1. Of all helices (runs of 4 or more DSSP H) completely enclosed by the range 190-261, which ones contain at least 1 residues that are within 23 Å of the chain's Cα centre (by Cα) and assigned by TED's automatic domain parsing to the domain that holds residue 324?
2. Check whether at least one residue in the range 374-388 is crowded, with 18+ Cβ neighbours inside 10 Å, modelled with pLDDT of 95 or more and under 23 Å from the mean Cα position of the chain (by Cα), and report yes or no.
3. Kindly indicate whether residue 379 is in contact with a strand residue (DSSP E or B) (Cβ under 6 Å, 6 or more places away or on another chain) and in the same structural domain as residue 160 (by TED's automatic domain parsing).
4. Would you pick out the residues in the range 40-53 that are more than 17 Å from the chain's Cα centre (by Cα) and either touching a residue at least 24 places away in the same chain (Cβ under 8 Å) or buried (at least 19 other Cβ atoms within 10 Å of the Cβ) (or both)?
5. Name, by its number, the condition in (1) buried (at least 22 other Cβ atoms within 10 Å of the Cβ); (2) closer than 14 Å to residue 14 by Cα that does not hold for residue 329.
6. Which residue is nearest to residue 122 (Cα to Cα), if the candidates are limited to the range 134-146 and must be surrounded by fewer than 21 Cβ atoms within 10 Å (Cβ to Cβ) and either within 20 Å of the chain's Cα centre (by Cα) or touching a residue at least 60 places away in the same chain (Cβ under 8 Å) (or both)?
7. Would you check if there is a residue in the range 78-98 being at pLDDT 95 or above, assigned by TED's automatic domain parsing to the domain that holds residue 131, within 23 Å of residue 357 (Cβ to Cβ) and not in a loop (DSSP other than H, G, I, E, B)?
């Protein structure tokens, strides 16, 4: 029997594509963004429900897809958390926490045998970790056995350095653990059969140089498995592989950047005017970090032999190709996110860039979903005795003060759920 998954905050369909490729059916997907829903429908082959989840009941969701609660095997979702900050009161009912809270409520009400929640690493320390700890505690109270991990996605064959918090829970009383890494840094000594990280040029090196407006065909064959996996059939054109025309100053900045360099490495006369102002970016726990100016100061030339930096909505406006004097195309950003070349996006340039940057990489979700299928016992325990299986919050040997404080509070709150019986 085919397993069925619900995709909440489904975006342009990256998560659903990974689920489909691992053998799941997705009878229900929900997102509020109309462009993302159009992209999803065009590529996944089913029309998502375009709705505000904070205002949609579980009955309405299930009725829309003609599902019973017992039909749902897996719920996945990455509730947006842009409204989080380090200031303010700790209140689970804070409107800025509405979507995270709603995800927890839907999972607890439907009681699917498995769930996966994906989020940015800042969730761990937002409001001192309050929202993360509260979400975990409430799902434990609903009976789930839960493990969390900060996943470094380059370790799973994604050609970018992308850190995300993954929370996996089940009602099968399964001692779930995350899949083993398949890739490593080239310089890392190992006795295992781990492959080297997939570099940015491994991912996009077979694409022709883009032009301003028209689609193109490949001009030479793939050189590795990653390229072969994502290419369309020969003769089909590559969509979204265009570049924007840049002004003279922008071109001078790009031409002056060497691999691995950023705006701070440029001569003063080429730096953006805002770069030298005393502007500090703050991470979610409130700690001041590097000096940063406006958008142009975000220019970075990527290193071709390494995985890309994290693809965000700003990548096609900030990331410079490793060997060509231009910014990345949207197709190259999609490639780095593991979207196949046949995947077509709907909306404006800015909308497409946001869809790609916000997506769960299909390759990573495919591997995680396949691992869940292998881990599943196919048994369902309708009990309310959850169990906390632990968290791997960082590959570092020491934690920041904010993260250490959160982990201490998390241990205290989950202590009653660490033993079964």
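The values are calculated or read from the model by the stated rules, or taken from the named source; none is laboratory data. Please read all numbers here as calculations on a predicted model, not as lab measurements. As a convention, Cβ positions derive from the backbone with ideal geometry for all residues, glycine included, and neighbour counts pool all protein chains shown.
1. 200-204, 225-230
2. no
3. Answer is no for this residue.
4. The answer is 42, 43, 44, 48, 53.
5. If we test residue 329 against (1) buried (at least 22 other Cβ atoms within 10 Å of the Cβ); (2) closer than 14 Å to residue 14 by Cα, just (2) comes out false.
6. Filtering first and then ranking leaves 137.
7. no
Conditions tested, residue by residue: (1) surrounded by 14 or more Cβ atoms within 10 Å (Cβ to Cβ); (2) over 21 Å from residue 301 (Cα atoms); (3) at pLDDT 95 or above.
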site: 152; (1), (2), (3): yes, yes, yes
site: 160; (1), (2), (3): yes, no, yes
site: 171; (1), (2), (3): yes, yes, yes
site: 185; (1), (2), (3): yes, no, no
site: 194; (1), (2), (3): yes, yes, no
site: 222; (1), (2), (3): yes, yes, yes
site: 234; (1), (2), (3): no, yes, no
